[in-house]
Amino acid sequence: MSFNDDVTLDTSQVRSGGGGSGGPGGLVVGGGLGGIVVLILALVFGIDPSQLPTGGSGQAAPGQVQAGGEVDPTAFQECRTGADANRSDTCRVIGTVNSVQAFWAGELPRYKREWQETPTVLYSGATQSACGTASNQVGPFYCPLDKSVYIDASFFQVLSTQFGADDGALAQEYVVAHEYGHALQDQLGLLGKAQQGGTGPESNGVRIELMADCLAGVWTQHASQVPDEDTGTPFLKPLTDADIESALSAASAVGDDRIQEAATGRVSPESWTHGSSASRQKWFLQGYRTGDLNQCDTFAVASVES
Ligand SMILES: [Zn+2]
């Protein structure tokens, strides 16, 4: 129950996609996915920027992106207010997308930048993105080729049942805000850095992921404390320790070490792409406590681990 009941939701920022048209085995992203660890990593926070197709073969024309898709669009019509966002996962995604975008649109001019509106495609089963087939095997991701976030409607259940995150609202909101962190990185020209430097706890790829965790934390602070310009109320109610625990449980659940241990019984830091549970929690908290974009520069520190 974290949204203020009377905030207004804008469903135009979210499109429906999916409906299973991609069929089984539609995981085409990158072509280099092999082995259970990589597959599970992909499942958790979607596509590594380093796994993106480099040529034109994976690109769909903009009009194709939603081909064949349907999460029942009438479901969106029920998403009108913060009270709806507190009731339904779908409306909560929409409310979070609204809040995150309103925040960055207001924040970036302080840095002489302008936020470019970034849609979310909420799909069920599978849908086409310019980065390949999005499916519930991939998990939420940001596609820089069509500048959209993709979220599978069933992901939040996977997050709690398979990865042990709690099912609290802030855990879900953190996931959405993390993906919008990648959109911001793209707009700031940082996302390409992820492709340099391979894997491992201090790799560029991990630093990009931890920065996105920190940016999610920055949003969390503002969304719970700063009134929205349009409505005069913050999107989120003041956060409790339990809310923060919820976000941290999600950050922890998707740490590379936790996932590897669950999948293979051992931890191989050299193959990390997203960071350890501890570092993901650390960077989320850093953003949440400071509320300051500049405190999220994971490339400015010698080590991103504690
Ligand atoms: Zn990510």
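Details
- Index of the failed condition, Tyr123 passing every other in (1) at pLDDT 95 or above; (2) in a strand (DSSP E or B): (1)
- Condition broken by Val97, with the remaining ones in (1) at pLDDT 95 or above; (2) assigned to a loop (DSSP other than H, G, I, E, B); (3) crowded, with 18+ Cβ neighbours inside 10 Å; (4) under 16 Å from the mean Cα position of the chain (by Cα) satisfied: (2)
- As for region 191-209, it holds at least one residue that is part of a helix (DSSP H, G or I), on the phi < 0 side of the Ramachandran plot, within 15 Å of the ligand (Cβ to nearest atom) and within 12 Å of the chain's Cα centre (by Cα).
- Every test in (1) under 30 Å from Gly17 (Cβ atoms); (2) at pLDDT 85 or above; (3) more than 16 Å from the ligand (Cβ to nearest atom) is passed by His178 save one, and that test is (3).
- Annotation: of all residues in region 293-306 being away from the ligand (no atom under 16 Å from the Cβ) and in contact with a helix residue (DSSP H, G or I) (Cβ under 7 Å, 6 or more places away or on another chain), the one that is least open to solvent (accessible area, probe 1.4 Å) is Leu293.
- Some residue of region 35-50 being at pLDDT below 95, under 16 Å from Leu9 (Cβ atoms) and surrounded by fewer than 15 Cβ atoms within 10 Å (Cβ to Cβ): no
- A residue that is of a type in the set (Gly, Ala, Ser), under 24 Å from Gly255 (Cβ atoms) and crowded, with 24+ Cβ neighbours inside 10 Å can be found somewhere in region 138-152.
- Odd one out for Gly82 among (1) at pLDDT below 95; (2) within 16 Å of the ligand (Cβ to nearest atom): (2)
So that you can scan it fast, the table gives a plain yes or no per residue for (1) within 12 Å of the ligand (Cβ to nearest atom); (2) open to solvent by less than 10 Å² (accessible area, probe 1.4 Å):
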{"site": "Met211", "(1), (2)": "yes, no"}
{"site": "Trp219", "(1), (2)": "no, yes"}
{"site": "Val226", "(1), (2)": "no, no"}
{"site": "Asp230", "(1), (2)": "no, no"}
{"site": "Leu236", "(1), (2)": "no, yes"}
{"site": "Ala242", "(1), (2)": "no, no"}
{"site": "Ala263", "(1), (2)": "no, no"}
{"site": "Trp272", "(1), (2)": "no, no"}
{"site": "Ser277", "(1), (2)": "no, no"}
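- Across region 78-92, the qualifying residues are those that are in contact (Cβ under 8 Å) with a residue 24 or more places away in the chain and of a type in the set (Gly, Ala, Ser), and the one among them that is surrounded by the fewest Cβ atoms within 10 Å (Cβ to Cβ) is Ala83.
- Filter result (open to solvent by 10 Å² or more (accessible area, probe 1.4 Å) and either under 15 Å from the mean Cα position of the chain (by Cα) or closer than 19 Å to Asp213 by Cβ (or both)) within region 108-134: Pro119
The values are calculated or read from the model by the stated rules, or taken from the named source; none is laboratory data. All values derive from a computational prediction rather than experimental measurement. Using ideal geometry, Cβ is built from the backbone for each residue, glycine included, and neighbour counts are taken over all protein chains shown. When the accessible area is computed, the model is the full protein with side chains, heavy atoms only, and any ligands, DNA or RNA have been set aside. Shrake-Rupley method; radii C 1.70, N 1.55, O 1.52, S 1.80 Å.
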